[in-house]
1. Tell me, which helices (runs of 4 or more DSSP H) wholly within the range 461-549 include 2 or more residues that are surrounded by fewer than 24 Cβ atoms within 10 Å (Cβ to Cβ) and touching a Phe, Trp or Tyr at 6+ places or on another chain (Cβ under 6 Å)?
2. Yes or no: the range 264-273 includes at least one residue that is surrounded by 19 or more Cβ atoms within 10 Å (Cβ to Cβ) and acidic (Asp, Glu).
3. Anything in the range 227-236 that is closer than 17 Å to Tyr30 by Cβ and in contact with a helix residue (DSSP H, G or I) (Cβ under 6 Å, 6 or more places away or on another chain)? List them, or say none.
4. Gly85: touching a helix residue (DSSP H, G or I) at 6+ places or on another chain (Cβ under 6 Å), at pLDDT below 95 and surrounded by 17 or more Cβ atoms within 10 Å (Cβ to Cβ), yes or no?
5. Helices (runs of 4 or more DSSP H) wholly in the range 553-668 with at least 3 residues that are over 26 Å from Ala359 (Cβ atoms) - which ones?
6. It is to be established whether one or more residues within the range 595-615 are free of Cβ contacts under 8 Å to residues at least 12 places away in the same chain, assigned by TED's automatic domain parsing to the domain that holds Gln630 and among the hydroxyl-bearing types (Ser, Thr, Tyr).
7. Does Glu393 count as more than 27 Å from the chain's Cα centre (by Cα), farther than 15 Å from Gly614 by Cβ and in a loop (DSSP other than H, G, I, E, B)?
8. Going by what's in this entry, would Arg51 be described as exposed (fewer than 14 other Cβ atoms within 10 Å of the Cβ), under 29 Å from Gln273 (Cβ atoms) and assigned by TED's automatic domain parsing to the domain that holds Thr130?
Amino acid sequence: MTPTEATYLGVPGTLLFALVLFGFLAAFAYTASRRWQLMTVGGFPESRWDRVGERIRGVVEFGLLQRKMFRDPYAGLYHILIFSGFVVLSIRTTTLFLEGLFPGAALPFLPGGAWEAYLLLKDVVLVTTTAGVVLALGRRHLFRKDRLDASFDADLILVLIAFLMVTDLVAGGASHALSPARASVWEPVTAAVGTLLSGSSTGTLTALYHACWWAHLVAILSFLNYLPTAKHFHVITALPNLFLRKLDPPGKMRTFDVEKAAEDGKIGVGKIQDFSWKQKLDMFTCTECGRCREICPTHLTGKPLSPKGFMVDARKALYTAAPALLDVASGRGDLGAEERLAAQRPLIGGWVDVETIWACTTCRYCESACPVGITYTDKLTDLRRFLVLDQSEFPKEAQTAFNGMERQGNPWNLSASDRDAWTAELPFEVPVMGALENRDDVEYLFWVGCAGSYEDKGKKVSRALATLMHEAGVKYAILGAEETCNGDSARRLGNELLFQMLAQQNVETMNGYGVRKIVTNCPHCLNTLKNEYPDFGGTFQVVHGTELVADLVAKGKLKLTGRIDKTVSFHDPCYLGRHNDVYDAPRELLSAIPGVSLKELPRTRDKAMCCGAGGGRMWLDEKIGARINQARYAEIEANGTDAVGVSCPFCMVMLGNAATEMSGKTETFDVLELAAQALPTHPGGEAAAS
């Protein structure tokens, strides 16, 4: 179609089109305003307007270039074909709307031959977008992945997109056939359609043009109004959601004033309206693509939690409550809105099963896989916060861990005075910060952590790291009995009050000693100390033990010459990898050990499966479905290596237990144990690795 084609409409058509256009736009404005009100009513405040440059870069990378989509090349291909069609044809669509209102109008801003170049690009995109639709339908019906559920909505949208491409081509072809002299060589596909139609009468071509023109634009307007009511609302909300995505470290949870929240009756999330505006925007934006559940440990082992299912259920709860909720927010409580809202199906125990809330390991695979920037763990932990702090309802096993953390500073409830007992088996003295007269030359505080202090396997790893630092001449010290639990499990199990108490205590202790740099072998400690303690005045440079030791080896300060002839898999801890982007250091350390041959697991690095201990699940019974640690260990056994290396005490316990339960042949070692065993002279090394 060319800028003069709208003259075929005539004045009555133009008036009718104006009525249709503004009617559809008014309907969309009403629906969109209701969605906006629903998104912004209730909830806690969130600010997402900082670091604008970084936010824009994310929109380009993840939205326009769709980087995450290409983790599945097939899906990435058809998504980029369809998305590019929307982008390129937006100019075309704008032109058509202007022509409908102002016959003969055009978009004159494209200079020189740019308009002709655009016409060619438009023709190419009409074909490629249609191809993208065919590929998408093929994925849904011929090569369907398990993550995709049957969806009439998805099929309808794809067919509608194909309909838009066909009506555009047929209308353009009819126009070419009606006016061959005005046909453009820059529209080869449209011209080819025009050639096919050239034998038809003028009346037939005119009627065909009118029908396709109207059908095309009414379909677009119908599509626009359908989007806010269906899962494809993401067509509108995805780019804004990516712009407003979380920029804090992935493993950082929201900090709030617990006492004030208690006074306001807003601890965590107990009702659907308690979610923040950004959390509701996430619900609007979920595409139901199912990428979030492909390596979700709870979904794979038959637990009631599927990230996609959870998000869909939350959205249904929000939409169901919308009429009453908006009446209350608008002050129309006299219409019985409060009563209707109170009588509706509850969020917890109704829309979202309680077992679903407690199943999450906070591994964050779902968030790393989501192509539109949705977060899941924050919503689940906010539900836990409500249950723990407002309702005092939580798994009974958690109480034991809470009591231990509060009374003895560790979830095992063992004596705080025994925290540094692990050092007794070392042939050298481990400095304790409080006992040092001169702390100026202490470079690192060695944060041992609860597992490294009390759990038998963890204590071996603590001795291994101490040995490696001792051999390299690193000046370090520990807190000893002054160290207490960092609070990671308390926070992720919903006990924000206990977490903040522990955090403030630890920050006060470390700031009192002037601590600036910390090394720890526990990724959970690393994440909390590095990403969450700054909210409490504790700003430290925190590194994982494998990072420090790999750096010491690279600089020649440590020589690993002892040969260890083993084939080794490496299991990526969630809180080291996906939470803190440390993937290379453990592998660099393994590659530095003579004789060690690394064989990567099928699910590795950012696609690694969780061991099942995160999110406080270390302390809870696993009663539903298969055991997560056994599912992961089965993958490790199938890899056929002598050993599996880990870099997390929780992973060590979980995989070690699975090996025992399954009579497995693959040994479990911490990478630092192997490194200590490879020292040419390693006082304590044999004991550490035994």
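The values are calculated or read from the model by the stated rules, or taken from the named source; none is laboratory data. Treat the numbers as computed from the prediction; the structure is a model and nothing was measured. Every residue, glycine among them, receives a Cβ derived from its backbone with ideal geometry; neighbour counts consider all protein chains shown.
1. Values: elements: 488-492, 496-512, 523-527.
Where helices (runs of 4 or more DSSP H) fall fully within the range 461-549 and carry at least 2 residues being surrounded by fewer than 24 Cβ atoms within 10 Å (Cβ to Cβ) and touching a Phe, Trp or Tyr at 6+ places or on another chain (Cβ under 6 Å), they are 496-512.
2. Step one: filter the range 264-273 for residues surrounded by 19 or more Cβ atoms within 10 Å (Cβ to Cβ), giving 267-270, 272-273.
Among the residues that remain, those that are also acidic (Asp, Glu) are: none.
No, the range 264-273 has no match at all.
3. Restricting attention to the range 227-236, the residues satisfying the condition of being closer than 17 Å to Tyr30 by Cβ are 227-230, 233, 236.
Correct list: Leu227, Pro228, Ala230, Phe233, Ile236.
4. In short, yes.
5. Values: elements: 584-591, 628-638, 649-661.
Here the list reads 584-591.
6. Within the range 595-615 (the criterion being free of Cβ contacts under 8 Å to residues at least 12 places away in the same chain, assigned by TED's automatic domain parsing to the domain that holds Gln630 and among the hydroxyl-bearing types (Ser, Thr, Tyr)), the answer is no, since none of the residues qualifies.
7. Working: more than 27 Å from the chain's Cα centre (by Cα): yes; farther than 15 Å from Gly614 by Cβ: yes; in a loop (DSSP other than H, G, I, E, B): yes.
So Glu393 fits the description; yes.
8. On the way: exposed (fewer than 14 other Cβ atoms within 10 Å of the Cβ): yes; under 29 Å from Gln273 (Cβ atoms): yes; assigned by TED's automatic domain parsing to the domain that holds Thr130: yes.
Judged against the criteria, Arg51 is a match.
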